[in-house]
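Heads up: the structure comes next, in structure tokens.
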Amino acid sequence: EKEHWFNALFAWPKCDVSFEEIQPRMFSFNSPFGACEECHGLGFKQELDPDLIIPDQSLSIADGTFRCYRDHMDGWRTQQLGAAAKTIGFSIMTPWSKVKPKHREELLYGTAKELVHDFFTGPWEGVIPQLQRLYTQTESDYRRKEIEKYMRSHTCPQCKGQRLKDKI
């Protein structure tokens with residue numbers, strides 16, 4: 001004869017485990033209460049991929065290695081890249097494959113170093129954070145689709161594609 005303990009407060013004091021009241025919406029990826037917080041219930045994430053942004057590493061910044069900044073609308077961003085490269089410590093004429101890994105990282109993901117340019121002063125945001133910000137902020141479907149060309153989809157690492165929030 002074994003004794004079973006039940007608790008109407010959804011808690012087990014011996015183990016310090018408690019649960020909120022169970023509701024159907026907690027088991028649906030269509031609800032914010034049940035959806036994975038990392039992928040918002042999609043089961044996958046889209047992330048910017050440096051290999052898609054820089055498909056030809058033999059090119060330099062001056063030659064247009066950053067594929068995402070190749071149209072006439074992005075001329076000032078190319079100037080920002082030049083200022084960032086100079087501040088970080090390499091020439092825009094250097095092929096990307098010859099740029100030191102540390103300098104690549106700083107140009108792609110940002111640095112706290114102060115950039116000084118004719119029209120810009122401040123820390124370098126980084127190509128990938130800048131594209132991510134533009135993707136999130138834009139209201140233009142065209143611009144969003146252009147940025148999506150440099151993204152890859154992969155299974156959400158948190159929910160492993162199950163789309164649901166981890167409950168415990």
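Some notes on this structure:
- Filter pass, residue 37 being within 30 Å of residue 150 (Cβ to Cβ) and assigned to a strand (DSSP E or B): no
- Residue 150 meets the conditions (1) modelled with pLDDT of 90 or more; (2) open to solvent by 60 Å² or more (accessible area, probe 1.4 Å) in every case but one. The failed one is (2).
- Residue list for the range 82-118, filter: assigned to a helix (DSSP H, G or I), open to solvent by less than 20 Å² (accessible area, probe 1.4 Å), closer than 30 Å to residue 145 by Cα and in contact with a helix residue (DSSP H, G or I) (Cβ under 7 Å, 6 or more places away or on another chain): 84, 85, 107, 108
- Taking (1) farther than 19 Å from residue 75 by Cα; (2) more than 17 Å from the chain's Cα centre (by Cα); (3) in a helix (DSSP H, G or I) in turn, residue 136 satisfies each apart from (2).
- The numbered conditions (1) surrounded by fewer than 16 Cβ atoms within 10 Å (Cβ to Cβ); (2) in a loop (DSSP other than H, G, I, E, B); (3) on the phi < 0 side of the Ramachandran plot are all true for residue 161 except (3).
- Residue check, residue 78 under 20 Å from residue 134 (Cα atoms) and among the hydroxyl-bearing types (Ser, Thr, Tyr): yes
Yes or no, residue by residue, for (1) open to solvent by less than 60 Å² (accessible area, probe 1.4 Å); (2) at pLDDT 85 or above; (3) in contact with a helix residue (DSSP H, G or I) (Cβ under 8 Å, 6 or more places away or on another chain):
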| residue | (1), (2), (3) |
| --- | --- |
| 38 | no, yes, no |
| 47 | no, yes, no |
| 51 | no, yes, no |
| 55 | no, yes, yes |
| 59 | yes, yes, yes |
| 66 | yes, yes, yes |
| 69 | yes, no, yes |
| 73 | no, no, no |
| 77 | yes, no, yes |
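The values are calculated or read from the model by the stated rules, or taken from the named source; none is laboratory data. Everything numeric here is computed off the predicted structure, so don't read it as measured data. In this analysis, Cβ positions are derived from the backbone assuming ideal geometry, glycine residues included, and neighbour counts consider all displayed protein chains. Side chains included, ligands, DNA and RNA excluded: accessible areas come from the protein's heavy atoms. Shrake-Rupley method; radii C 1.70, N 1.55, O 1.52, S 1.80 Å.
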